[in-house]
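The values are calculated or read from the model by the stated rules, or taken from the named source; none is laboratory data. Quick caveat: nothing in here was measured; it's all calculated off a predicted structure. Please note: Cβ atoms are built from the backbone with ideal geometry, for glycine as well, and neighbour counts cover all protein chains shown. Please note that ligands, DNA and RNA were not included when accessible areas were found on the heavy atoms of the full protein model with its side chains. Shrake-Rupley method; radii C 1.70, N 1.55, O 1.52, S 1.80 Å.
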Amino acid sequence: MCGIAGLFIKDPTLEPELGTLLAQMTSTLCGRGPDSAGFAIYNRGTGDSAKLTISGPSPAFDIGAVGNALAAAMGNGATSTVRYSHAIVTIGAKDAVHAEEWLAANHPDVTVMSGGRSLEIYKEVGYPDDVARSFGIAGMSGSHGISHTRMATESAVTTNGAHPFSTGPDQCLVHNGSLSNHASLRRELRREGIRIRTENDTEVAAAYLTKQMRDGQSLGEALKSGLDDLDGFFTFVVGTERGFGVLRDPIACKPAVMAETDRYVGFASEYKSLTCLPDIAKAKVWEPKPATVYFWEHA
């Protein structure tokens with residue numbers, strides 16, 4: 001069943017409230033996905049720095065030690081900060097590939113949840129409210145964010161199997177639905193050099209968009225291409241460094257509702273998740289149309 005929430009901030013004065021609002025929106029969706037949860041938080045990147053969000057094989061794993069070792073190996077003022085079971089390692093933008101190579105060689109049991117200038121992904125097995133509290137989501141600020149509560153149907157309940165999935169710098173995707181051609185697409189994408197770590201169909205959708213954008217398409221164009229190439233039923237919410245997109249399949253059997261004001265755009269699987277947003281009574285509220293790309297972007 002699963003639940004999705006997303007918030008795109010238009011008014012910068014609302015950015016300090018992003019985490020609080022997103023956590024509240026997600027809390028109403030616990031019943032739709034009680035086995036695991038994840039949050040993608042975008043904040044404004046600075047200078048020539050990049051970030052890797054990394055996670056170990058379990059919350060008991062000493063991810064802080066790995067983060068500190070990675071920062072030391074990269075040098076040049078690299079730093080590491082721990083949030084519950086994840087570490088955020090800030091490095092020079094040119095060191096991102098080298099950092100992932102160092103992790104693969106020295107700590108193959110550590111997963112890179114996300115990379116890029118502005119994206120941080122936090123996800124864990126557990127009740128969504130507990131996951132949000134463990135990571136301190138309510139205390140985070142940012143320009144836009146996406147969350148997911150999972151009820152697993154096609155793959156194992158694991159941290160790596162939770163959404164969001166990121167397969168490219170500052171890109172992520174959450175999904176409610178099921179893809180029927182993910183196995184064949186996974187093989188094709190891997191042959192194209194796109195890294196896919198799990199057997200989850202949602203990671204294939206994320207990788208598909210990464211490949212399309214790598215080949216020169218905009219996110220909107222990639223989403224439109226997905227209507228032809230992705231078989232199954234789906235509601236996608238997608239994030240990039242500057243943007244926030246929504247797409248439903250042509251049948252649109254999965255619930256979705258949106259709200260927009262001069263200050264924000266909100267998305268949720270159920271309207272009750274939007275009721276915590278400021279001035280929701282004055283917002284434009286609508287159900288996104290089938291097979292229609294919706295996209296907002298910061299300047």
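With Cα atoms as the point set, the radius of gyration and Dmax of region 56-154 evaluate to 14.2, 44 Å.
A cut-off under 14 angstrom between Cβ atoms defines the neighbours of T20, and their net charge, with Lys, Arg +1 and Asp, Glu -1, is -2.
P(r) for region 1-108, from all Cα pairs and a bin width of 5 Å, is 2, 10, 18, 16, 17, 15, 13, 7, 1, 0 %, short bins first. When the chain is described by a simple charge dipole with +1 on each Lys and Arg Cβ and -1 on each Asp and Glu Cβ, the residue from A183, G38, I9 located farthest towards its positive end is I9. Within region 23-156, DSSP assigns beta bridges of which about 95% are antiparallel (rounded to the nearest 5). If you average the C-alpha positions of region 1-33 and of region 45-98 separately, how far apart do those two centres end up, in angstrom? Cα centroid of region 1-33 versus Cα centroid of region 45-98: 25 Å apart.
For the chain, the share of accessible area belonging to carbon and sulfur comes to 51 percent (1.4 Å probe, ligands and nucleic acids excluded). Within the set (1) 17.8, 53; (2) 19.6, 66; (3) 22.1, 80, the number that Rg and Dmax of the Cα atoms in Å takes when calculated for this structure is listed as (1). Taking a straight line from the alpha carbon of K123, these lysines sit under 27 Å away, with near neighbours fewer than eight places off in the same chain left out: K10, K51, K94, K211, K254, K272.
Accessible area per residue for region 124-245 is 37 Å², calculated with a 1.4 Å probe on protein heavy atoms, without ligands, DNA or RNA.
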